[in-house]
Ligand SMILES: [Zn+2]
Ligand SMILES: [Zn+2]
Ligand SMILES: [Zn+2]
Ligand SMILES: [Zn+2]
């Protein structure tokens with residue numbers, strides 16, 4: 001429980017507001033440069049890697065497994081076998097060092113952007129591209145399209161692919177970090193195999209005395225087939241039904257290719 005609270009707190013700690021504000025401060029330097037010796041504005045996106053709960057075990061590091069009955073338990077006394085196994089997906093740690101779930105991040109960035117915009121609008125500021133400048137400044141610069149363009153460019157535009165985040169969700173697992181167990185015989189985390197044993201019985205037929213001596217009438221062979229169902233914890237997923245996504249190694253995402261992880265749109269034909 002304590003762990004779960006820490007994890008959710010970490011998710012909430014990610015905010016793009018300071019980043020949007022920093023970009024805006026820099027954009028506003030176009031008409032009012034900072035005083036000499038003023039502290040430089042840090043314009044960094046928040047840390048997007050976080051320790052997140054293992055999606056396979058829900059953060060416990062363990063899996064409570066109950067053996068399903070595929071026929072192997074018929075006639076067995078007592079209920080289904082229950083066992084607790086170490087979660088193989090997270091190696092029992094219950095958590096993952098990965099990117100914040102990309103879908104959550106996208107929603108968070110959209111919220112932060114909205115809050116950024118509404119707080120500046122609330123101060124009566126005017127939007128110049130993605131930036132906001134005071135109403136009075138806008139009045140002065142209105143006829144100076146070049147200046148306004150510089151302000152717009154100083155703020156920049158979001159990468160259309162990743163919307164400021166600089167990461168893109170893994171396509172194989174859609175940002176889940178896990179993939180379904182690839183083992184063909186894995187049924188819900190249990191490896192179900194059937195083995196057929198064939199037992200042959202030889203029953204010798206009678207013999208009779210013929211002209212050439214003892215003759216055998218031949219032996220009759222019969223066989224009985226027996227199918228054994230063998231159920232064991234799937235060695236591939238360890239009962240989790242899922243494995244860490246082989247494409248992203250559980251990291252859920254990777255730096256966005258379109259913007260090389262910068263999060264901003266590249267200037268076309270620019271530097
Ligand atoms: Zn786990
Ligand atoms: Zn993946
Ligand atoms: Zn499996
Ligand atoms: Zn991008």
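Descriptive notes on the structure:
- Every residue from the range 25-68 that is in contact with a strand residue (DSSP E or B) (Cβ under 8 Å, 6 or more places away or on another chain), in contact (Cβ under 8 Å) with a residue 60 or more places away in the chain and part of a loop (DSSP other than H, G, I, E, B): 31, 48, 55, 56, 57, 67, 68
- Filtering the range 95-153 to residues that are touching a helix residue (DSSP H, G or I) at 6+ places or on another chain (Cβ under 7 Å) and either under 16 Å from residue 14 (Cβ atoms) or surrounded by fewer than 18 Cβ atoms within 10 Å (Cβ to Cβ) (or both) leaves 100, 104, 112, 113, 115, 116, 124, 129, 147.
- Any hit, the range 203-212, residues being surrounded by 11 or more Cβ atoms within 10 Å (Cβ to Cβ), part of a strand (DSSP E or B) and modelled with pLDDT of 95 or more: no
- Contact map, the range 156-167: first residue at negative phi, second residue within 16 Å of ligand 3 (Cβ to nearest atom) and assigned to a loop (DSSP other than H, G, I, E, B), Cβ cut-off under 7 Å, separation 6 or more or different chains; the map is empty.
- Some residue of the range 82-99 being closer than 30 Å to residue 164 by Cβ, outside any helix (DSSP H, G or I) and within 16 Å of ligand 4 (Cβ to nearest atom): yes
- Residue ID - farthest from residue 112 (Cα to Cα), chosen from residues in the range 165-187 that are within 16 Å of ligand 4 (Cβ to nearest atom) and touching a strand residue (DSSP E or B) at 6+ places or on another chain (Cβ under 8 Å): 170
- Near pairs, Cβ below 8 angstrom, 6+ apart or cross-chain, from the range 139-151 (without any contact (Cβ under 8 Å) to a residue 60 or more places away in the chain) to any residue that is in a helix (DSSP H, G or I): 142/148; 148/141
The values are calculated or read from the model by the stated rules, or taken from the named source; none is laboratory data. Computed from a prediction, not measured in an experiment: that's the story for all the values here. Quick reminder, even Gly has a Cβ in these numbers, built from the backbone with ideal geometry, and neighbours come from all protein chains shown.
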